[in-house]
Structure formats: structure tokens, C-alpha cells
Amino acid sequence: MAPASCVLTEIVADSSTPAVARENSPPQPLWAYVGPFVAYMVLTSIEGKGWLGLPYEAWYSLKVLVVLGLLWQFYREWPRWNTRGVGLGVALGILGVVLWLALDRLQELIPGLSALVTSIMGTREGFDPFSRQGVSLNSIAFLLVRLTGLALVVPIMEEIFWRGFLARFLIDEKFTQVPQGQFTTLSFWIVTAAFVAVHPELLAALAWGALVNWLYHKTGNIWACVAMHAVTNLLLGAWILVTGDWRLW
């Protein structure tokens, strides 16, 4: 992995390059990769607080709309869609939801582990869309919004950030010049650990995060990872609806 350097060091090291060449080098589209993720995390941090008198459903719907808008704004900056490895991604997405559910259950069974994780990371705030109004037009409409966030917005937003940006940035600050799927041992595990850090399902996130990193390395295609993520999340959403295990939202 290239050593981290400050802007001043980079300027000094690049002093032999003609000024015109430096000025004509393509800018790094940082916010195209980072912006949707930042917006999602900021809005997630406030959606359950009832600010402005708005309920969770309103804030979550706003979050989905904002992040969808940013994804649409920035998509031209990302690697172009292609189907390489997408079938493998779908298959691993199915395996991924099995792993997620099994390892989440295992975490609950290991003495002290669940309590330790909760004390450090808190718990996921589950939400039953039918708890207030039962099955109604409003609750069904929000359920569709929630599934859109789960199976469309999150897979694109997270994969563009975790593997499209962070995995490559850890190798070279000029991350768009790093080929898709390239990892060092350190970047592989830093990205996996960072993914785990925002998911209270510790064991599940560790296994799933390592698996999707392997897929990215194997296929060199971010869209295979998006397919895996979308399938896992869609099937997880179906499991929640069938079982009523709303804590997994």
C-alpha cells in the first residue's frame, strides 16, 4: 500500500512534473464515491430523533430520496455497468443471506458476545411498519420505500464507497487509477473491518464483508458486488416480512 502523504509532500515529490501536465491530470471524483455514503450516514443518525416533529417514516423516506438523487447525480463518474461476474454475485448473495442469519443467531448464542457488542456498538433500531396503523395504505407505501432503501439504495451506495472508493484509496490516493478488484492484504482487511464497524451483527458482517471483498477481487467488477449486496438485502427483507424479525431492519 502506498504510504499516506500530505498534500505538501505530494507537491514536493511531483515537482519534476511539468505544471501543464499536472493541471491537465483528471481530478479525482471524490464526492461521487463518498457523498451518497456521507449523506446516508448523517440522515441515519437523526432519523429516529423526531426532529421537526417528523416521524421515523418521514425521515427515512427523505433519506432515500436524497441519496437516490445523489446516486443519479454522480453515476457518470463510476465504472460503467457490465455483467462480468454478476451471476456469481447473485449466487453469493443467496449464500450471503444464509450466512448472515446463521452467524447472527450464533452471535446471540455465544455467552457474553452479544452483550459486549451491544455495549460497544449499540443495537440496530428495528421498526415494524405495521405497529401503529396495522396494514394500511400508508404502512404499505412505507414498506415499499423501506425495501427500496434496503435492496437498491444501500447496495449501490455502500459498494461504491467501500470497494469503489475505500479499497482503492488505501492503495493509492489517485484511487480511480487503481484497477477494480485490486487489494493488498492490508486494504482487504481494513475495508472488511470498516464494514464490520457499522454493523452490530459482528460475526455476520465479518464473514459477509470478507466474501464480498473476495468477489470484488475475483471479478474486478463493482457491479457484481452490487448484485450480491442487493440479493442478500432483498432476501433479508423477505425473511423479515415472513418472520416479523423487525430488529434486522
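Computed from the coordinates by the stated procedures, all read-outs in this text should not be read as laboratory data. Note that this is a predicted model, so its numbers are computed, not measured. Here the Cβ is made from the backbone with ideal geometry for all residues, glycine too, and neighbour counts use every protein chain on show.
The table below gives the values:
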{"quantity": "Local electrostatic count at THR176 - Lys and Arg +1, Asp and Glu -1, tallied over other residues with Cβ under 15 Å", "calculated": "+2"}
{"quantity": "Correct option for Rg and Dmax of the Cα atoms in Å [calculated from the coordinates] among (i) 19.3, 63; (ii) 19.8, 68; (iii) 16.8, 54", "calculated": "(ii)"}
{"quantity": "Label-point separation, TRP246 to THR184 (7 Å along Cα→Cβ), nm", "calculated": "4.6"}
{"quantity": "Packing rank of 128-134, 170-176, where each peptide gets the mean count of other beta carbons within 10 Å, highest leading", "calculated": "170-176, 128-134"}
{"quantity": "Per-peptide average of other Cβ atoms within 10 Å, ordering 41-51, 94-104 highest first", "calculated": "94-104, 41-51"}
{"quantity": "3J(HN,Hα) from dihedral phi, the stretch 151-168, Karplus parametrisation 6.51/-1.76/1.60, rounded to Hz, x for glycine, proline", "calculated": "9, 10, 5, 4, x, 5, 4, 6, 5, 4, 7, 5, 9, x, 9, 4, 4, 8"}
{"quantity": "Max mean-square fluctuation residue, GNM over the chain, Cα-Cα springs under 10 Å, options VAL226, VAL117, VAL135", "calculated": "VAL135"}
{"quantity": "Using alpha-carbon coordinates, inclination of helix 30-46 to the longest axis of the chain, degrees", "calculated": "30"}
{"quantity": "Cα-centre dipole for the stretch 83-248 with unit charges at Cβ (Lys and Arg positive, Asp and Glu negative), debye to 20", "calculated": "260"}
{"quantity": "For PHE127, residues with placed amide H under 5 Å, excluding near neighbours", "calculated": "TRP249"}
